[in-house]
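Enquirer: Here you go, one structure.
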Amino acid sequence: MINFDEEIQKFQPSLEIEQAEDVINNNDMTDVTDILKELLKGTKKANNE
């Protein structure tokens with residue numbers, strides 16, 4: 001059976017929407033778009049030479 005008192009003690013509230021947006025937007029991870037941009041830059045440089 002579920003011990004509600006124990007579960008309430010373990011509970012950690014989720015971030016508010018604004019806080020979650022800040023965390024997500026400030027996360028500096030390379031994604032597919034960044035990779036494609038770098039590939040296109042390399043292609044343009046190769047074509048100009």
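Enquirer: Of the residues that make up segment 5-20, is at least one of a type outside the set (Val, Ile, Thr), surrounded by 10 or more Cβ atoms within 10 Å (Cβ to Cβ) and at pLDDT 80 or above?
Expert: yes
Enquirer: Any residue in segment 1-15 that is in a loop (DSSP other than H, G, I, E, B) sitting within a Cβ distance under 7 Å of a residue that is not basic (Lys, Arg)? List the pairs, counting only those 6 or more apart or interchain.
Expert: Note: pairs meeting the criteria are 15/23.
Enquirer: What are the residues in segment 24-45 that are of a type in the set (Asp, Glu) and under 30 Å from residue 14 (Cβ atoms), if any?
Expert: Correct list: 28, 31, 34.
Enquirer: Report yes if some residue within segment 25-48 is among the β-branched types (Val, Ile, Thr), part of a loop (DSSP other than H, G, I, E, B) and either out of contact with any Asp or Glu (no Cβ under 6 Å at 6 or more places or on another chain) or surrounded by 10 or more Cβ atoms within 10 Å (Cβ to Cβ) (or both); otherwise report no.
Expert: There is at least one residue in segment 25-48 that is among the β-branched types (Val, Ile, Thr), part of a loop (DSSP other than H, G, I, E, B) and either out of contact with any Asp or Glu (no Cβ under 6 Å at 6 or more places or on another chain) or surrounded by 10 or more Cβ atoms within 10 Å (Cβ to Cβ) (or both).
The values are calculated or read from the model by the stated rules, or taken from the named source; none is laboratory data. Not measured: the values here are computed from a predicted model. Cβ sites come from the backbone with ideal geometry, for glycine too, and all protein chains shown count toward neighbours.
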